[in-house]
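Take a look at the structure set out below.
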Amino acid sequence: MCYRISNTATKETIEKAFNASFEFPKLHKESPVIDGLVESSVSVIKISENDKISLAIWGILPETYQDDWQYFQNVQNTLNLSFETINENEKYRNALANRRCLVIVTGFFTYYLHDGDLYPYYVHQKSHTPFAIAGIFNQLDDGFITCSLIVSKANPFIKKINNSDNLMPVVLDENNQDLWLDVHTKNDIITEIINTESRLDFKAYPIAKEFHKLRVNFNSVLEPVNYNSIPKAK
């Protein structure tokens, strides 16, 4: 599962890449590591609002929920939702049909298990440009937006460096981004998008294995580290 993502892009880079403007530009912060296990905000573009970038709390909450975010996540972690989980829950199905969003990132992290140790890999575009992960969102009664990433089976590239859960975020190519945000997109097309492998050109490499044990948010954490016993950087 994907519990940490990265967004090191500047406000200007994101706005240019997605042809949209931040709703609250002064709130954007470049973050080498966005840790979903503590309450964190991510940049999103909501359905039918293609020209506006909003901030959402990572980890979807029920629309009428009024209690603490952390308490809900401790009971039911919603940082990631698989298509199967969404289909089993009427509220999530409704969000997929009516409240889709793009979650803007510059990278995500995956893990390789070897001899009892977890080795994290950082995955990003070779161009180092931001890209979009498929998401769903709810808007709470107090106006706050909460969202989840959608995950699917890992593609062959990710499978080489992830033997722990065989999952990865659903990455959207540009043409599928438009369909994802189109209120008229039908359910069968949504399903097809989720099951379509992205054609974006990705690179991945291992980083310090202490990454998953620490609360870190500095650029050096993204630097590559060489290990002899695990798959090499791609």
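Here are a few things to note about the model shown:
- Residue within the range 85-95 that is touching a Gly at 6+ places or on another chain (Cβ under 9 Å) and either more than 19 Å from Glu39 (Cα to Cα) or at pLDDT 95 or above (or both) present: no
- Taking the conditions (1) of a type in the set (S, T, N, Q); (2) assigned to a helix (DSSP H, G or I); (3) in contact (Cβ under 8 Å) with a residue 40 or more places away in the chain in turn, Ser127 satisfies each one other than (2).
- Residue check, Thr196 assigned to a helix (DSSP H, G or I) and among the hydroxyl-bearing types (Ser, Thr, Tyr): no
- Restricting the range 56-71 to residues that are under 15 Å from Phe137 (Cβ atoms) and of a type in the set (Phe, Trp, Tyr), the residue that is modelled with the highest pLDDT: Trp58
- Pairs with Cβ under 6 Å, 6+ apart, first in the range 170-187 and of a type in the set (D, E, K, R), second surrounded by 12 or more Cβ atoms within 10 Å (Cβ to Cβ): Asp173/Ser198
- In the range 151-159 there is at least one residue matching the filter, namely being in a strand (DSSP E or B) and surrounded by 21 or more Cβ atoms within 10 Å (Cβ to Cβ).
- For Met168: the one exception among (1) over 21 Å from Lys46 (Cα atoms); (2) assigned to a loop (DSSP other than H, G, I, E, B); (3) modelled with pLDDT of 95 or more: (2)
- Residues satisfying the criterion are absent from the range 116-138 (criterion: crowded, with 20+ Cβ neighbours inside 10 Å, in contact with a helix residue (DSSP H, G or I) (Cβ under 9 Å, 6 or more places away or on another chain), within 24 Å of Ile189 (Cβ to Cβ) and among the hydroxyl-bearing types (Ser, Thr, Tyr)).
- Unmet requirement for His184, which otherwise passes all of (1) in contact with a strand residue (DSSP E or B) (Cβ under 8 Å, 6 or more places away or on another chain); (2) surrounded by fewer than 14 Cβ atoms within 10 Å (Cβ to Cβ); (3) not aromatic (Phe, Trp, Tyr): (1)
- Only one of Trp69, Trp58 that is touching a strand residue (DSSP E or B) at 6+ places or on another chain (Cβ under 6 Å) and among the aromatic types (Phe, Trp, Tyr): Trp58
- Some residue of the range 74-87 being of a type in the set (D, E, K, R) and either touching a helix residue (DSSP H, G or I) at 6+ places or on another chain (Cβ under 9 Å) or farther than 18 Å from Ile133 by Cβ (or both): no
- Being touching a residue at least 24 places away in the same chain (Cβ under 8 Å), surrounded by fewer than 19 Cβ atoms within 10 Å (Cβ to Cβ) and closer than 20 Å to Arg93 by Cβ is a property that Thr146 lacks.
- Residues of the range 213-221 include at least one that is of a type in the set (Val, Ile, Thr) and closer than 23 Å to Ser40 by Cβ.
- Residue that is surrounded by the fewest Cβ atoms within 10 Å (Cβ to Cβ) [pool: residues in the range 1-19 that are among the basic types (Lys, Arg) and either part of a loop (DSSP other than H, G, I, E, B) or in contact with a strand residue (DSSP E or B) (Cβ under 7 Å, 6 or more places away or on another chain) (or both)]: Lys11
The values are calculated or read from the model by the stated rules, or taken from the named source; none is laboratory data. Because the structure is a prediction, the values reported are computed rather than measured. Virtual Cβ from ideal backbone geometry, glycine too; neighbours counted across all protein chains shown.
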